[in-house]
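In what follows, a structure is listed as structure tokens, so that the remarks can point back to it.
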């Protein structure tokens, strides 16, 4: 038995569970905070007298701060120790969240959202590293299941609970709800965490950090603002793309030649970890995309009220919790079985969404949301266990940071691509269908062809144009759901390459 394994089993069981509870509570809040503002942006826009483009920075800058600081988690843990970083992150995140709710204007709110993302970013990767280090190998699936609920279910719960509080008490309540739980998580980590992970003589590779930060910021800005500015028709988007490519090139070259690079490229020599990075990127692509596409489709095309949409998103969280419990048992057999089951469920979910039409019922959407959540829960545990199974525990903090960075980037990239597909498909299909709406089309002169629609008045033409737009938009969403299905299928061959280490 290795020294690290002996140390993990030497921790009393009750203390391991206390560590698990404290870290899960901390990471749940951070995961909830990332998307909680998505439901209160309209309130913020009116309250702070901001335009739609201005208020969007509240979410954009938080995502940028998270993307920059996530890769820093490994260096911070090596420089200051995991316990100090976790306590500092929890303290900074809670204080920044308080001042987000107290912000009198938009610039102040954006400033504290940056602070919220900066301090909160290390919580998830370091939390995962601490749990994998605290629990013995045979309990990793259980610990990862509980931890995964925070990472995956938090972004589902946050908008639902935050929207309900904001509706009754105003948008600051969506931030104030985190404060008591932040205090509890801080006390738990202060009492039960031990100061591990600190290494002597650690220096920060500023060249690697700055080039990676510029690459990530450029990519995130390009993805979040590309559609709004017509992509590469805009000088801003071209500049962001060029900066991202140059910075990424410099980062790769520097990492391969530096003596102590910011991120250790030797991690890529571990076969399971590399395959895990590819799969978790696709997992991130599939994770949040339906949460972005379904609400506007259900509200704008099918006329569902906000309360029903929130309930349907909540069913996704219920399915995810059930999936994590299933994963505890499935991952004991073979992680590849759990991952295959989960991604096949994603394929089934994508095929089902591709069959949606104007008459889709609440039951159809509810069952699909539950299936998506179940798949997400089942995939996460075996994927994480397999990715880190053959990795040395000394590299857990750094590897976890890369792992979660790619998960977030995969989500951002695929959401932007899916929204672009919807918009382009809607425009092209609308243009194609309007070509047939003409008095020269003899089919339309037949009394039964138009039904209740007519072309005899301006009002009738406007109504017909609205229906064509609705049908064209539905085709756009279906095309995006087909992309979701193909991405789910693409990952299946990679699962067979995962190597299962012998006990």
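The values are calculated or read from the model by the stated rules, or taken from the named source; none is laboratory data. Please read all numbers here as calculations on a predicted model, not as lab measurements. Cβ placement follows ideal geometry from the backbone for every residue including glycine, while neighbour counts extend to all protein chains displayed.
Show me the helices (runs of 4 or more DSSP H) entirely contained within the range 5-94 in which 3 or more residues are under 25 Å from the mean Cα position of the chain (by Cα) and under 21 Å from residue 182 (Cβ atoms).
Working: elements: 13-36, 41-47, 52-55, 57-69, 73-80.
Ranges flagged: 13-36, 57-69, 73-80.
Is it true that some residue in the range 252-261 is closer than 21 Å to residue 410 by Cβ and not assigned by TED's automatic domain parsing to the domain that holds residue 487?
yes
Which ones in the range 336-358 are surrounded by 24 or more Cβ atoms within 10 Å (Cβ to Cβ) and under 10 Å from residue 378 (Cα atoms)?
Result: 338, 339, 342, 343.
Is it the case that some residue within the range 333-351 is modelled with pLDDT under 85, farther than 21 Å from residue 490 by Cα and either out of contact with any strand residue (DSSP E or B) (no Cβ under 9 Å at 6 or more places or on another chain) or assigned to a helix (DSSP H, G or I) (or both)?
yes
Give the residue, chosen from 410, 432, that is assigned by TED's automatic domain parsing to the domain that holds residue 485, part of a helix (DSSP H, G or I), modelled with pLDDT of 80 or more and surrounded by 15 or more Cβ atoms within 10 Å (Cβ to Cβ).
Every option except 410 fails the conditions.
Checking the condition surrounded by fewer than 19 Cβ atoms within 10 Å (Cβ to Cβ), assigned to a helix (DSSP H, G or I) and modelled with pLDDT under 85, which residue from 443, 419 passes?
Testing whether each residue is surrounded by fewer than 19 Cβ atoms within 10 Å (Cβ to Cβ), assigned to a helix (DSSP H, G or I) and modelled with pLDDT under 85 leaves just 443.
Considering only residues that are surrounded by 24 or more Cβ atoms within 10 Å (Cβ to Cβ) and part of a helix (DSSP H, G or I), look in the range 160-188 and name the one that is modelled with the lowest pLDDT.
Ranking the candidates gives 162 first.
Can you tell me which residues in the range 320-335 are surrounded by 21 or more Cβ atoms within 10 Å (Cβ to Cβ) and under 14 Å from residue 370 (Cα atoms)?
320, 323, 324
Only residues that are closer than 15 Å to residue 396 by Cα, surrounded by fewer than 15 Cβ atoms within 10 Å (Cβ to Cβ) and touching a helix residue (DSSP H, G or I) at 6+ places or on another chain (Cβ under 9 Å): list them for the range 249-273, please.
265, 266, 268, listed by residue number.
Assess whether residue 214 counts as being closer than 21 Å to residue 410 by Cβ and surrounded by fewer than 21 Cβ atoms within 10 Å (Cβ to Cβ).
yes
Could you grab me the full set of residues in the range 465-498 that are part of a loop (DSSP other than H, G, I, E, B) and surrounded by fewer than 19 Cβ atoms within 10 Å (Cβ to Cβ)?
Within the range 465-498, the subset part of a loop (DSSP other than H, G, I, E, B) is 491, 496-498.
Residues satisfying the conditions are 496, 497.
Among the residues in the range 292-307, are any within 16 Å of residue 487 (Cβ to Cβ), touching a residue at least 60 places away in the same chain (Cβ under 8 Å) and in the same structural domain as residue 357 (by TED's automatic domain parsing)? Working first, answer last.
Of the residues in the range 292-307, the ones within 16 Å of residue 487 (Cβ to Cβ) are 292-293.
Those still in the list that are touching a residue at least 60 places away in the same chain (Cβ under 8 Å) too: 292-293.
Applying the additional criterion that residues be in the same structural domain as residue 357 (by TED's automatic domain parsing) yields 292-293.
Checked the range 292-307: at least one residue is within 16 Å of residue 487 (Cβ to Cβ), touching a residue at least 60 places away in the same chain (Cβ under 8 Å) and in the same structural domain as residue 357 (by TED's automatic domain parsing).
Scan 99, 119 and give me the residue that is in contact with a helix residue (DSSP H, G or I) (Cβ under 6 Å, 6 or more places away or on another chain), without any contact (Cβ under 8 Å) to a residue 24 or more places away in the chain and either assigned by TED's automatic domain parsing to the domain that holds residue 24 or part of a helix (DSSP H, G or I) (or both).
Of the residues listed, the single one that is in contact with a helix residue (DSSP H, G or I) (Cβ under 6 Å, 6 or more places away or on another chain), without any contact (Cβ under 8 Å) to a residue 24 or more places away in the chain and either assigned by TED's automatic domain parsing to the domain that holds residue 24 or part of a helix (DSSP H, G or I) (or both) is 99.
Suppose we filter 384, 390 for residues that are crowded, with 19+ Cβ neighbours inside 10 Å and either under 29 Å from residue 130 (Cβ atoms) or modelled with pLDDT of 90 or more (or both); which single one remains?
Testing whether each residue is crowded, with 19+ Cβ neighbours inside 10 Å and either under 29 Å from residue 130 (Cβ atoms) or modelled with pLDDT of 90 or more (or both) leaves just 384.
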